[in-house]
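Asks: Below are the structure tokens for one structure; questions will follow.
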Amino acid sequence: MKILIIGSGGREHALAWKLGQSPKVDQVYVAPGNAGTAIDAENIDIRENDFPALIRFAQQNQIGLTVVGPELPLSAGIVDAFEAAGLRVFGPNQKAAQLEASKIFCKKILNAANIPTAYHRTFSEEEAAVSYLKASGDLQCVIKADGLAAGKGVIVCKNLEEASAAIHRIANHEFGDAGNRFIIEECLIGQEASVLAITDGQTIMTLQPAQDHKASFDGDLGPNTGGMGAYCPASLVDDQKLHWIEENILVPTVHEMNVQGIPFKGILYAGLMMTSNGPKVLEYNVRFGDPECQPLLMRLKTDLIDVMTAVIDGRLDELEPLEWDDRPAVCVVMVSDGYPGSYRKGDLILGLDEAAQCSNVKIFHAGTRLDGDKVLTNGGRVLDVTALGNSVAEAKKRAYDAVEKIFWNGCRYRNDIADKEINLAK
Ligand code: AMP
Ligand code: GLY
């Protein structure tokens, strides 16, 4: 079978790498891809939002399965467009993708199914929102633009002053139409975990829990990013909690989507806060997390093509349980200095071949491009160095040993990825 993967980040490189290992797969294409996917697969120069060109490519090249990586094409209806053209595609359709694309829609589903989440109120006017805040007292809260804002539309506020300023920014269109409506939400306290499941809308298969590191700097300091590193499994979600999350969060969500007439197929990714009152949903994403996907897929032994095909055909119930490598995996994201703000592109990356020699390490590319045989930086998150180890500490050491062999002008990374897990084990 020939596969087409849509997207250009580390998640898509990991998907290309994993799907390419299947004996059922002859060829993997990635549109538009990066320097890493150019090596492990074949890049196609079509942007992820050019649906007609992607469909034409899939039809002309007998693509048996298209896998959509990022949320933007999903929320713009790429699955609907591929299905209308008679093509097989993995991911939720546009209506179901609202679970990520609209925070208000997500809350509607969560509340309808009585799923634990932060208390919230919805607003479209600055004045009404600020009056509500004043009446509530000088509390911590979280302000969220309703729509997709590249991960920047969520502002955690310590007090009334910060919250009023955040509302002002949203109301003044800092996030464009994504902020036409917004929510004010109770601030939850605890550690975060990512629990992803694969579902065909009837059956769910929960993946092993992972933890992302959203803050830019060591000790969870600095601005939020798309993710500076991840590890899997995350023992703060033990088997008992995972089971609870499945029963009380994931299954009721899939069920409620069916009740609303919007069946969900694909990856259901719950961003959870592990509060003293139990796990609560912070948000849903409708695709693999980036960088959680990289350690997850390094550990997944089951052929992903069988799982994705079963989802499309609605027969996930026929599959054996997923098989995992027992060894934990740690992923360290190397970024361009300045990210998540402005950063330079086009710097030459050195040491990739040497780092690739490290055992049990895979270097997934994110923001890179090929220039002849040179690899240049081409984004904020540049490389996702991922390693397996017999312990989390060993996986961490292997990842950082490889990271230290790589250099470009202005490269930066966190030094404490997976430390929380390592300290928990002590
Ligand atoms: P989201 O896109 O909703 O996951 O928000 C991005 C980040 O903001 C999360 O990973 C949390 O760190 C933080 N966040 C979101 N909602 C809340 C909340 N209700 N309480 C505390 N932190 C939150
Ligand atoms: N790792 C967070 C995300 O993919 O949104």
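The values are calculated or read from the model by the stated rules, or taken from the named source; none is laboratory data. Keep in mind the model is a prediction, meaning the values are calculated, not measured. Counting neighbours? That spans all protein chains shown, and the Cβs are built from the backbone with ideal geometry, glycine included. What goes into the accessible areas is simple: the full protein's heavy atoms, side chains included, and nothing from ligands, DNA or RNA. Shrake-Rupley method; radii C 1.70, N 1.55, O 1.52, S 1.80 Å.
Asks: Just to check I understand the Karplus step: with θ = phi - 60° and J = 6.51 cos²θ - 1.76 cosθ + 1.60, what whole-Hz values come out for region 181-194, glycine and proline as x?
Replies: Whole-Hz 3J(HN,Hα) from phi for region 181-194: 10, 8, 10, 10, 10, 4, 8, 9, 10, x, 9, 9, 9, 10.
Asks: Something else now. Once label points are set 7 Å from the Cα along Cα→Cβ at both D337 and E394, what is their separation, rounded to one decimal in nm?
Replies: 3.6 nm
Asks: Using amide H atoms built 1.01 Å from N in the peptide plane, name the residues 5+ places from A329, or on other chains, whose amide H lies under 5 Å from its own.
Replies: C232
Asks: List the residues whose amide H sits under 5 Å from the amide H of K265, counting only those 5 or more places along or on another chain, with H placed 1.01 Å from N in the peptide plane.
Replies: Answer set, sorted by chain and number: N93.
Asks: Can I ask one more? Using the Karplus equation 6.51 cos²θ - 1.76 cosθ + 1.60 (θ = phi - 60°), what ³J(HN,Hα) coupling, rounded to whole Hz, does each residue of region 211-228 give in order, writing x for Gly and Pro?
Replies: 10, 8, 10, 7, 6, 5, 10, 3, x, 6, 9, x, x, 5, 10, x, x, 9
Asks: Given a 1.4 Å probe, how much area per residue of the chain is accessible, in Å²?
Replies: Each residue of the chain exposes 42 Å² on average to a 1.4 Å probe.
Asks: Based on the Cβ-Cβ distance of K2 and N248, what FRET efficiency does E = 1/(1 + (r/R0)^6) give at R0 = 35 Å, to the nearest 0.05?
Replies: 0.30
Asks: Count neighbours as other Cβ atoms within 10 Å of each site's Cβ, and list the trypsin sites (Lys or Arg not before Pro) in region 248-334 that are DSSP loop with at most 15 such neighbours.
Replies: Here the trypsin sites (Lys or Arg not before Pro) that fit, given the DSSP loop and packing criteria, are K301, R315.
Asks: As an exercise, use a Förster radius of 25 Å and the Cβ-Cβ distance of N61 and K345 to find the FRET efficiency, rounded to the nearest 0.05.
Replies: Calculated value: 0.25.
Asks: Scan around I5 for amide H atoms under 5 Å from its own, H built in the peptide plane at 1.01 Å from N, and keep only partners 5 or more places away or cross-chain.
Replies: Y29, V30, A31, V67
Asks: If you don't mind, there's one more thing I want to ask. From the C-alpha coordinates alone, can you work out the Kirkwood hydrodynamic radius of the chain, in Å?
Replies: 21.9 Å
Asks: Oh, and also: Modelling each spin label as a point 7 Å along the Cα-to-Cβ direction, I'd like the D373/E126 distance in nm, to one decimal.
Replies: Distance between label points: 5.8 nm.
Asks: Dipole of the chain, Cα-centred, from +1 at each Lys and Arg C-beta and -1 at each Asp and Glu C-beta, to the nearest 20 debye? If you can, show how the numbers build up before the last one.
Replies: Numbers: 41 positive and 57 negative charges, 73 e Å.
Dipole about the Cα centre, nearest 20: 360 debye.
Asks: On the protein heavy atoms, probe 1.4 angstrom, tell me the percent of accessible surface of region 240-328 carried by carbon and sulfur.
Replies: Carbon plus sulfur share of accessible area: 45 percent.
Asks: Measuring from label point to label point, each 7 Å out along Cα→Cβ, what is the L139 to A84 span in nm?
Replies: The answer from the label model is 4.4 nm.
Asks: List the pairs from K396/K420; K24/K396; K301/K405; K18/K265; K397/K420 whose alpha-carbon separation is above 22 Å, in the order I gave them.
Replies: Among K396/K420; K24/K396; K301/K405; K18/K265; K397/K420, the Cα-Cα distance tops 22 Å for K24/K396; K301/K405.
Asks: Here's something else I'd like to know. Give me log10 I(q)/I(0) at q = 0.10, 0.13, 0.19, 0.24 Å⁻¹ for region 176-277, Debye formula, one equal scatterer per alpha-carbon, no solvent.
Replies: Per q value, in the given order, log10 I(q)/I(0) is -0.35, -0.59, -1.10, -1.25.
Asks: If you don't mind, another one. Please compute the length gained on full extension between N415 and V156, using 0.36 nm multiplied by the number of residues separating them and subtracting their Cα-Cα distance.
Replies: Result: 90.8 nm gained on full extension.
Asks: Still on this structure, I have one more. Pick out, in residue order, every one of the chymotrypsin sites (Phe, Trp or Tyr not before Pro) in region 89-190 that is DSSP loop and has at most 16 other C-beta atoms within 10 Å; say none if there are none.
Replies: Filter output for region 89-190: Y119.
Asks: Between the DSSP loop rule and a limit of at most 12 other Cβ atoms within 10 Å, which chymotrypsin sites (Phe, Trp or Tyr not before Pro) in region 239-333 are left?
Replies: For chymotrypsin sites (Phe, Trp or Tyr not before Pro) across region 239-333 that sit outside H, G, I, E and B with at most 12 neighbouring Cβ atoms in 10 Å, the list is empty.
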